[in-house]
Each structure stands twice: as structure tokens, then as C-alpha cells.
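Chemist: Encoded as C-alpha cells, here's the structure I'll be asking about.
The values are calculated or read from the model by the stated rules, or taken from the named source; none is laboratory data. Predicted, not measured: the structure shown is a model, and the values here were computed from it. Because the Cβ atoms are built from the backbone with ideal geometry, glycine has one as well, and the counts that use them run over all protein chains shown.
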Amino acid sequence: MIVDGCFVLNHEIRRQRLSLHYDESSQCWVIADVDASLAIGPPDWYFTDQQILFPSFIDIHVHAREDSSATENYKEDFTSASLAARNGGVSAFMEMPNNRVDPPRDLESYRRKVFLIARSIKQTSVPIVPYVLIDKNSTGAFSFKVPYKVYYGVSVNADPHTSFANKDELKEVLAKYPGEMIAFHCEHPSALKRYVGESTHGTRRPPSAEVDAIHDVIELAVEIGFHPHICHLSTKEGAELCLNAKKRKIPLTFEVAPHHLYFSSEMLESEAELQKISSYFHVNPPIREERDRLYLLEIVKKGLVDFFATDHAPHTLEEKLVKGFSGFPQLDTYGLFIEWLLKYEKVSPVIIAKMCTYAACNFFNPFWESMLLQFPTLQTLNLPKLGQIEKNFLGDFYIVDLYDKEVFSRLTKENLKTKNQHSPFLYRPFTKGLER
Ligand SMILES: [Zn+2]
């Protein structure tokens, strides 16, 4: 199949003609040839200059819920998360280790996780890299490269050994991980403790909790020498700390999530009908003020944000509305959200491709390659490489029609692939995106 269109490359948008072939062994479309001229033949698909093609996205922050006990498979499993990912234009993701049972924290539990992942890849062809949990009992890095995750402050599914109580406790364990990449959930435990009696989800988890935690993480990264990655950054002050650390050449990276770029506490409060479903919008860290949201959007537009990651965290609708569990599914809406950034916030396509594909791939690929070396059965699946528009790379694209201003109105409950079929973007009182 020959496709002629405007592809978003690493630094520019360029019209190219690609030849794609369907590879039976991996069940993926693969790029067979790249040519800007007509040399590879007339196109089967021709896209206009208003239709831009993104190489499919990588989400580095997903909760797929599946563990060896399968007790949370009613929320999601690797296969349903992978189908939701493909539905949203995402071709690979990284999975967070906050499982209630058997999180990957040592070699044996890690192998059990990879076994579940391999089973899913055989059905969906979506590669998944699991983060390894560092907790109070962790004894040091694996002999091969894996991404690590620390809960510095309690989030969902916490057990007493999972999160750290203070900086000293954290330092003692992280001293065993110099040189490693460690992702952090940053909400300082002392602040969470101090505000536990507050009346709303947002005031129980205030901005200062994030800022204090990031502050500690940066100090420890300098002292010990690991690569800190800050998950789902939500505050202006937290972002300023991160940008400042980058200026000081600390090898820090950070991600922003769609809900912190779209919703603000003012927005939710001003929409009276949303009050009765306000627990739906519980997420950790919480939806922040409009000033935080606008600042995060501003640094996205300037290309200062490393990654865009959904923090896809499915629960049943009952768990959300009655029990107020934190997090919501977002893989299905990844591409739609990107369209909103492009069409309504005028974020440059090249910046989006950098955050969502190219930089995300550079983050993902070394961990995936390390997994392939450790688990030869994964190699036999023969999955194409990700993150370039080059021969032998995955030929999967997310197509955005810039003339079509519809965004979230295209979303229906029925076309969600996540198991519990709800989305924060289904609850919007307006459907055409946020017009300003
Ligand atoms: Zn998360």
C-alpha cells in the first residue's frame, strides 16, 4: 500500500510517499520504503495538506491494573488497555507498578508481570514496558536496565511498605540506585498528613505537597546521581522547580497529563451540574487552579515539556461516583486530546510529535530493548521498531484533519475500548472542544 501525505517528522512537517506492507508474523503494518518522489508508484491513499499524519504515540504512564492474581481485571487488563491504546492512536505504553497484589518489585514478580504482558502482546501487538516498584524493602538495581517508580506520598492502592514517610527514609533506599532512571509520584507525605482533615479532595492534596516532594527529589538526585522523572506535573511552582533543575543540567525529565491541561478547579466549580459528579474528577495529584493549567499549557506551547502522558487509571463508574476513587481512563482519548491541543490551543504539530512520539520513544526504547534481551520469547514476536518514519519501522499513523473542528463530539461511550467505558471527556457540557 502506498500512502502520500504530510508526515510530522522530528523537526518539520514533510510531504512524503511511503510504501507500507502488512507483516503477518507481527500483525502490524510496517514501512517498506520511504521516498519523497513518485518513484515508489502512485498512491493508494492521498492526504491533502490539511491532513497531517503523526507516527503513532507512546504513553509512558498507564495503569493497566492486571497482576498475577487478576483481582483487578474487572477494571482493565493488558489486552483491554492495549485495545484502548490503539483506539487512541497509541502504539506502545509503560505500565505503573501500584498493583494491590504482586507488583513487580523483585526479579520473580517482574517475570510474572512480563509473562502477562507477553500474553497480551501476542493478541494486540502493543509492546508494554513495566516499571519496577521501589519501596522501603527494595535492595538495589536489577542487573539489566528497567525503569523504576517511587511513590513519594500515598496514592491509589497504597500498602504501608509502598510509599515513603520522609526524605531520610527515601534517601536510605535510593542510595542503592545511582545512575538509574526513577519516576516519582510527587505528593509529599508530610503535607498529605497535615491536610488529611480538609473538606475537599483538592485541599487534602494541596499544591505545596507536590512542590515540597519535587524539591526533595531534586536534592536527592543531585546527591545520589540518579535520573529523576517527575510524573503528572500539575502546579506552576512544581514546573518552575523542574525547569530550573534542567537549567542546572540535572538530567531531570517530566510529563504533563491531559486532565491538568484541560480542567481547572474553577472550571469544575462553575459548572453547577458537575457538582453532583465532582468525585468523578478525583485524581492524584488533583485538578489544580486555572493559573496552574494556563502555565502548563504555556510551557507545552514553548516546547519545554518532555512528555505528554495520560496517567490512564481505570475504575468502575461506581468506584468513581460512590467511592471517589482517584484516576480515570484516558488511552482511548489520547488522539482526540492531541487534536484539541492542535485545533483549539494551537500547539505546533512538531512540538506534539516530539512530546508524544520522538522523545517518548527515546525514553521507551532502551527499556524495551533491554526486555527483549532478557526474554527471547518477546523477540520471536518480531514487532517492528518504533519512533521513526524509516524502513522497517511501524507504519501506524494518527491522522488529523485540521479542517474538521469537531473533537470530543466524536466520542461516544460505545466507541471506548477501555473496560468500564467512561471518560472525563464524555462528561463535558460542551462537545466541540473548549472554545475560547
Ligand atoms: Zn499514575
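Chemist: Among the residues of the stretch 80-102, which ones are touching a Ser or Thr at 6+ places or on another chain (Cβ under 6 Å), within 16 Å of the ligand (Cβ to nearest atom) and free of Cβ contacts under 8 Å to residues at least 60 places away in the same chain?
Modeler: None; the set is empty.
Chemist: Quick one: is GLU198 out of contact with any Ser or Thr (no Cβ under 9 Å at 6 or more places or on another chain) and either surrounded by 14 or more Cβ atoms within 10 Å (Cβ to Cβ) or at pLDDT 95 or above (or both)?
Modeler: Considered against the rule, which asks whether it is out of contact with any Ser or Thr (no Cβ under 9 Å at 6 or more places or on another chain) and either surrounded by 14 or more Cβ atoms within 10 Å (Cβ to Cβ) or at pLDDT 95 or above (or both), GLU198 comes out as no.
Chemist: Among the residues of the stretch 370-398, which ones are touching a Leu at 6+ places or on another chain (Cβ under 8 Å) and among the β-branched types (Val, Ile, Thr)?
Modeler: ILE389
Chemist: Among the numbered conditions (1) crowded, with 17+ Cβ neighbours inside 10 Å; (2) basic (Lys, Arg); (3) within 16 Å of the ligand (Cβ to nearest atom), tell me where ARG105 comes up short.
Modeler: If we test ARG105 against (1) crowded, with 17+ Cβ neighbours inside 10 Å; (2) basic (Lys, Arg); (3) within 16 Å of the ligand (Cβ to nearest atom), just (3) comes out false.
Chemist: What residue, among those in the stretch 348-378 that are out of contact with any Phe, Trp or Tyr (no Cβ under 8 Å at 6 or more places or on another chain), hydroxyl-bearing (Ser, Thr, Tyr) and touching a residue at least 60 places away in the same chain (Cβ under 8 Å), is farthest from ALA309 (Cα to Cα)?
Modeler: THR377
Chemist: Do we have GLU318 as of a type in the set (Asp, Glu), away from the ligand (no atom under 15 Å from the Cβ), more than 26 Å from CYS356 (Cβ to Cβ) and assigned to a helix (DSSP H, G or I) here?
Modeler: Yes: the conditions hold for GLU318.
Chemist: Now a separate question. Starting from the stretch 207-236, keep only residues that are within 19 Å of MET355 (Cα to Cα) and without any contact (Cβ under 8 Å) to a residue 40 or more places away in the chain, then list their pairs with residues that are away from the ligand (no atom under 16 Å from the Cβ) and of a type outside the set (Phe, Trp, Tyr) whose Cβ atoms are within a distance under 7 Å, requiring at least 6 positions of separation or different chains.
Modeler: That search, which allows pairs on different chains as well, returns nothing.
Chemist: Continuing with this model, one more query. If you go through the stretch 325-335 one residue at a time, do you hit one that is within 13 Å of the chain's Cα centre (by Cα) and of a type in the set (A, V, I, L, M, F, W, C)?
Modeler: Yes, some residue in the stretch 325-335 is within 13 Å of the chain's Cα centre (by Cα) and of a type in the set (A, V, I, L, M, F, W, C).
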